[in-house]
2 protein chains.
Amino acid sequence: MSIVVVGSVFFDTVETPFGKVEGVIGGAATYFSVAASFFTPVQMVATAGEDFPADEVAFLQSRGVDLTGLELQPGHTGRWTGRYHEDMNIRDTLDLQLNVFADFQPVLPDSYRESPYVFLANIDPQLQQGVLDQLQAPRVVGCDTMNHWIASARPDVEKLLRRVDILTINDEEARLLSGERNIVKAARRILEMGPKSVLIKRGEYGVIRFAPDSVFAVPAFPLEEVFDPTGAGDTFAGGFMGEIARSGDTSEAGLRRAIVYGSVMASFCVEDFSLARLRKLSNDDIEHRYRQFVSLTDIDGM
Amino acid sequence: MSIVVVGSVFFDTVETPFGKVEGVIGGAATYFSVAASFFTPVQMVATAGEDFPADEVAFLQSRGVDLTGLELQPGHTGRWTGRYHEDMNIRDTLDLQLNVFADFQPVLPDSYRESPYVFLANIDPQLQQGVLDQLQAPRVVGCDTMNHWIASARPDVEKLLRRVDILTINDEEARLLSGERNIVKAARRILEMGPKSVLIKRGEYGVIRFAPDSVFAVPAFPLEEVFDPTGAGDTFAGGFMGEIARSGDTSEAGLRRAIVYGSVMASFCVEDFSLARLRKLSNDDIEHRYRQFVSLTDIDGM
C-alpha cells in the first residue's frame, strides 16, 4: 500500500571531515521518499521553490514517488548549511534560509487521503495535526519531531502524540520530551503520552524500540567509511515505514524486520553525500545488507 | 576448566548521581573473579594490604575463587576515588593511592601454571608479559589495557598483543592504539597487531566484536536504573572469559554466547554499588537475563 510523507525539501551545503558539497538535494521528505520507494509507492507532500530542478523531479518520479502534493512556489527552495565535527555525532548549523518552507501549509491531494500509512516528518506539530485531519482513517501514523518544537510548542507536541502510533526520536529529544535522563524511563514516559512504539535513534549506536511489552535493540551497521550522516534518520524512517506499508505487518516480528530495513537504508545513506548512494542502490544491495545485519546480531552464530 | 586472572584489588570511594559509597571493595581482579566464578573456578593473582578484610576473603572463597595467588603485603590496599557525571559515561578520578599495588610483581603459584585460560586485567604490559611467561601453554589469552599504557609504553603493549588471543578495549583506547578514528578501521588495525578477536566495549551502547572474518554486535541491556558503572568492563570480561573457560567453546557461536553472558553480568554489576548486586546473584537470574537478551536482539521476533 502507498504511504504519505509530509516534510521538507531543501538544498543542503554540507562539510564533513571527508569533503564538502554545495546546494545538493536534501530535506526530510526527500530522504524519506527515496528510501521508502524501494519498498512501496510514496505520496509526497512538500513545498519547494521555482528553482527546484526538473531532473530531481524526474528522479523522484522514476523512483515511484507521486509528486502531486509537491507545491512549487514562487521563490527559493529552503537552504541549510552545516558542518560536522571530527566526531560526526556533532554538527553545527552554519546557516538556515527557510525561504518558501516558511509558509508551508500542507494540503493533501484527494488522491492521498485514503492512504493507510503516513509519516509526519519534522515540521511544526500544528501542521502535523492538520495533515492527520486530512486523512480519512490512517492505519499507522509515524511521526518525527525535534528539540525546537518540544521546547517551544510542547502542548502541540503532546496533543499530536495522542494520535501517533510510532514516534521516531533521538536520545536528546527523548530526554527533553520526558524530563528523564535514563533512556528506558524516558521511553516509558513517552509511551504514556500516546504512541504505541517509541523508536530511539542513536546514530552510530543503532536504534532501540520500546513498546509497552517489549524492547528491541539493533546496532548500526559498522561501516569503514561514514561520509555524511545528513538524512540518516529520515532515511531510516523511510525504510522502516516503507517496509510496514509494503508488508502491512505490524506484529512484533513485522516491526522488528522493518527496523532492520530502516537501519539498512540508513547505512547506505551515510556512505556518500546527499542521495548519491541511494541513487545507485539496488534491491539486491538491500537484501544483501539485510542478511549481513542478521549475521551481525545473531547470538547463535552465523 | 579454571581461569587465571591477574589484576588489581582496590578499595573504591565512588560518587554517582544516585549516591556515594566509601572504601568499598573494587579493582579489576575482584570484579572479574566474582563474575567469572558463576561459570568456572577462578585462580586470582593480585596484591592487597594487611588491611584487606577477612570477610571479603571469605566471600571470594565462598564463590570458588582460589586466593593462593593473593599476596597480602605490609601496608595498605590501593585506593581509588572517583565521581561520575550526570552523564555516567564520564567520570573524574579525584584521588588515586596505589599503596602496595605500586610494587605488584605477579607470581603465579605452581598450582596455577597449567591453567589453559588466563585474563590479564589492566596492569603494566611488562607485568602482563611476565604472567604469560609463567604459564605453561595457555589456550586462550584475554587481555585488557588502558590509555595510560598505550601512550607511555606502546612498544610493550605491541609486544604483548602478539601473544594475546582476545583484546577487550573501549572506543577511545581502540582509537588511540590504532590511530584510526573510525571504529571499524581501528579494529582492523588492532587485529593486524596480533589478537584474533578485538572486543570493543561501548558502555551503555554495548559491545562489538571484530575478528578477521566476522563482526558481532550486541547492545547493552536497557536498565531503568544504572547506579554505578564502576567495574562493568571487568565484570563483562569475567562473564565472557568465564563462559569460555566453562564451555571450552571458541567457535564463532561459542564466543557470541560468551559475549552475551559477559553483557548479562555487566548489566547486573551496574545495578548497585561495588559488588552489592553480584553478591545476591543466582544462576537463575543469569539465565533469565540471558533469555531477555535473546528476545531483545532477535530480529525474527520473540
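The values are calculated or read from the model by the stated rules, or taken from the named source; none is laboratory data. Nothing here was measured: the structure is a model prediction, and the numbers come from that model. Cβ sites come from the backbone with ideal geometry, for glycine too, and all protein chains shown count toward neighbours. Heavy atoms of the whole protein, side chains included, go into the accessibility calculation; ligands, DNA and RNA do not. Shrake-Rupley method; radii C 1.70, N 1.55, O 1.52, S 1.80 Å.
Here is a list of conditions, (1) among the polar types (S, T, N, Q); (2) open to solvent by 50 Å² or more (accessible area, probe 1.4 Å); (3) over 19 Å from A:P138 (Cβ atoms), and A:T77 meets all of them except one; can you say which number that is?
(2)
Within the stretch A:37-92, which residues are part of a loop (DSSP other than H, G, I, E, B), within 18 Å of the chain's Cα centre (by Cα) and of a type in the set (F, W, Y)?
A:F38, A:F39 - these are the residues of the stretch A:37-92 that are part of a loop (DSSP other than H, G, I, E, B), within 18 Å of the chain's Cα centre (by Cα) and of a type in the set (F, W, Y).
Filter the stretch B:38-68 down to residues that are open to solvent by less than 30 Å² (accessible area, probe 1.4 Å) and more than 16 Å from B:G238 (Cβ to Cβ), then give me how many there are.
Adding up the residues that qualify gives 5.
Is at least one residue of the stretch A:224-239 closer than 21 Å to B:K201 by Cα, within 11 Å of chain B (Cβ to nearest Cβ), modelled with pLDDT under 95 and touching a Leu at 6+ places or on another chain (Cβ under 9 Å)? I'd like the intermediate steps shown before the answer.
Step one: filter the stretch A:224-239 for residues closer than 21 Å to B:K201 by Cα, giving A:224-226.
If we keep only those that are within 11 Å of chain B (Cβ to nearest Cβ) too, we end up with A:224-226.
Filter again for modelled with pLDDT under 95, leaving A:224-226.
So of that shortlist, the ones also touching a Leu at 6+ places or on another chain (Cβ under 9 Å) come out as none.
Checked the stretch A:224-239: no residue is closer than 21 Å to B:K201 by Cα, within 11 Å of chain B (Cβ to nearest Cβ), modelled with pLDDT under 95 and touching a Leu at 6+ places or on another chain (Cβ under 9 Å).
Go through the stretch A:275-290 residue by residue and tally those that are surrounded by 15 or more Cβ atoms within 10 Å (Cβ to Cβ) and assigned to a loop (DSSP other than H, G, I, E, B).
Qualifying residue count, the stretch A:275-290: 2.
Given the condition of a type in the set (D, E) and under 14 Å from the mean Cα position of the chain (by Cα), answer yes or no: does some residue in the stretch A:192-199 qualify?
Scanning the stretch A:192-199, I find no residue that is of a type in the set (D, E) and under 14 Å from the mean Cα position of the chain (by Cα), so the answer is no.
Specify the residue that is surrounded by the most Cβ atoms within 10 Å (Cβ to Cβ); the eligible residues are those in the stretch A:169-184 that are touching a helix residue (DSSP H, G or I) at 6+ places or on another chain (Cβ under 9 Å) and within 8 Å of chain B (Cβ to nearest Cβ).
Per the stated criteria, the residue is A:I183.
Name the residues in the stretch A:254-302 that are touching a Lys or Arg at 6+ places or on another chain (Cβ under 7 Å) and more than 14 Å from chain B (Cβ to nearest Cβ), would you?
A:F268, A:C269
Go through A:G7, A:G23 for me and flag whichever is under 13 Å from the mean Cα position of the chain (by Cα), modelled with pLDDT of 95 or more, farther than 13 Å from A:R279 by Cα and not hydrophobic (A, V, I, L, M, F, W, C).
A:G7
Scan the helices (runs of 4 or more DSSP H) fully inside the stretch A:170-262 and keep the ones with 2 or more residues being farther than 23 Å from A:I299 by Cβ and of a type in the set (K, R). Full working, then the answer.
Numbers: elements: A:171-178, A:183-192, A:232-247.
It comes to A:183-192.
Just name the residue that is farthest from A:D12 (Cα to Cα) out of those in the stretch A:209-220 that are surrounded by fewer than 22 Cβ atoms within 10 Å (Cβ to Cβ) and out of contact with any Asp or Glu (no Cβ under 7 Å at 6 or more places or on another chain). Explain how you work it out, then say what you get.
Kept after step one, since they are surrounded by fewer than 22 Cβ atoms within 10 Å (Cβ to Cβ), are these residues of the stretch A:209-220: A:211-215.
If we keep only those that are out of contact with any Asp or Glu (no Cβ under 7 Å at 6 or more places or on another chain) as well, we get A:211-213, A:215.
Details: A:A211: 35, A:P212: 38, A:D213: 40, A:V215: 35 Å.
Looking at the filtered set, the residue picked out is A:D213.
If A:K20 meets every condition in (1) farther than 25 Å from A:G242 by Cβ; (2) in contact (Cβ under 8 Å) with a residue 12 or more places away in the chain; (3) open to solvent by 10 Å² or more (accessible area, probe 1.4 Å) apart from one, which number is that one?
(2)
Taking the stretch A:185-208 only, how many residues are more than 14 Å from A:G233 (Cα to Cα), open to solvent by 10 Å² or more (accessible area, probe 1.4 Å) and within 10 Å of chain B (Cβ to nearest Cβ)?
2
Can B:A35 be described as small (G, A, S), surrounded by 24 or more Cβ atoms within 10 Å (Cβ to Cβ) and closer than 18 Å to B:L108 by Cβ?
Spelling it out, it is not the case that B:A35 is small (G, A, S), surrounded by 24 or more Cβ atoms within 10 Å (Cβ to Cβ) and closer than 18 Å to B:L108 by Cβ.
Could you please find all residues in the stretch B:103-121 being open to solvent by 40 Å² or more (accessible area, probe 1.4 Å) and in contact with a strand residue (DSSP E or B) (Cβ under 8 Å, 6 or more places away or on another chain)?
Taking the stretch B:103-121 and keeping what is open to solvent by 40 Å² or more (accessible area, probe 1.4 Å), we get B:103, B:105, B:107, B:110-111, B:113-114.
B:D103, B:V107, B:S111, listed by residue number.
Given (1) over 30 Å from B:E22 (Cβ atoms); (2) within 14 Å of chain A (Cβ to nearest Cβ), identify the lone condition not met by B:R246.
(2) is the only condition that B:R246 fails.
Mind checking which residues of the stretch A:237-259 are open to solvent by less than 10 Å² (accessible area, probe 1.4 Å), in contact with a helix residue (DSSP H, G or I) (Cβ under 8 Å, 6 or more places away or on another chain) and touching a residue at least 24 places away in the same chain (Cβ under 8 Å)?
A:A237, A:G238, A:G239, A:F240, A:M241, A:G242, A:E243, A:I244, A:A245, A:I259
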